[in-house]
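What follows is a short report on a single structure.
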Amino acid sequence: QVQVVESGGDLVQPGESLRLSCVASGSGFSRYAMGWSRQAPGKQRESLARITSSGMTIYADSVKGRFTISRDNAKNTVYLQMNNLKPADTAVYYCNALVDSVAYWGQGTQVTVSA
């Protein structure tokens, strides 16, 4: 069982930046593929970014160029740097760890972008 805990959500103004963090348990973190998704009210969950164990990244078109995913294996942590935030980015942001084809999800952290 892998536990995933997100943090860093906040209320910010349009154009501002925010960095989310996600800690996953287990000594095998460096082998996990990690990802960030979000779910806005009334909408389906949307996959935003993924990072493999080797550091390869992939992004959804909706956030490409504004969001950056990165990982620090020494801290069992993956980050999502979000720049130039827009009201449409308002959502609950979820982190997930893919371990041996099983996805473990966190409880989510709220990001609200509003003037």
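Only residues in the range 39-67 that are touching a residue at least 60 places away in the same chain (Cβ under 8 Å) and more than 19 Å from Gly108 (Cβ to Cβ) count as the first member; pair them with residues that are of a type in the set (A, V, I, L, M, F, W, C) and assigned to a strand (DSSP E or B), Cβ under 6 angstrom, at least 6 apart or cross-chain, and list the lot. From the range 39-67, no pairs qualify.
Comparison of Val63, Val78 shows that the only residue that is assigned to a loop (DSSP other than H, G, I, E, B), closer than 16 Å to Ser37 by Cα, out of contact with any Asp or Glu (no Cβ under 7 Å at 6 or more places or on another chain) and open to solvent by less than 20 Å² (accessible area, probe 1.4 Å) is Val63. Counting only residues that are surrounded by fewer than 13 Cβ atoms within 10 Å (Cβ to Cβ) and either aliphatic (A, V, I, L, M) or free of Cβ contacts under 8 Å to residues at least 12 places away in the same chain (or both), the range 1-13 holds 1 of them.
Whether a residue is open to solvent by 40 Å² or more (accessible area, probe 1.4 Å), over 30 Å from Ala115 (Cβ atoms), of a type outside the set (Asp, Glu) and assigned to a loop (DSSP other than H, G, I, E, B) was assessed, and Ser30 does not pass this test. Of the set (1) acidic (Asp, Glu); (2) open to solvent by less than 30 Å² (accessible area, probe 1.4 Å); (3) assigned to a loop (DSSP other than H, G, I, E, B), all apply to Glu16 but (2).
The values are calculated or read from the model by the stated rules, or taken from the named source; none is laboratory data. Since the structure is predicted, the reported quantities are computational estimates derived from the model, not experimental observations. Methodologically, a virtual Cβ is constructed for each residue, glycine included, from the backbone with ideal geometry; neighbour enumeration extends over all protein chains shown. Note: areas computed on protein heavy atoms with side chains; ligands, DNA, RNA excluded. Shrake-Rupley method; radii C 1.70, N 1.55, O 1.52, S 1.80 Å.
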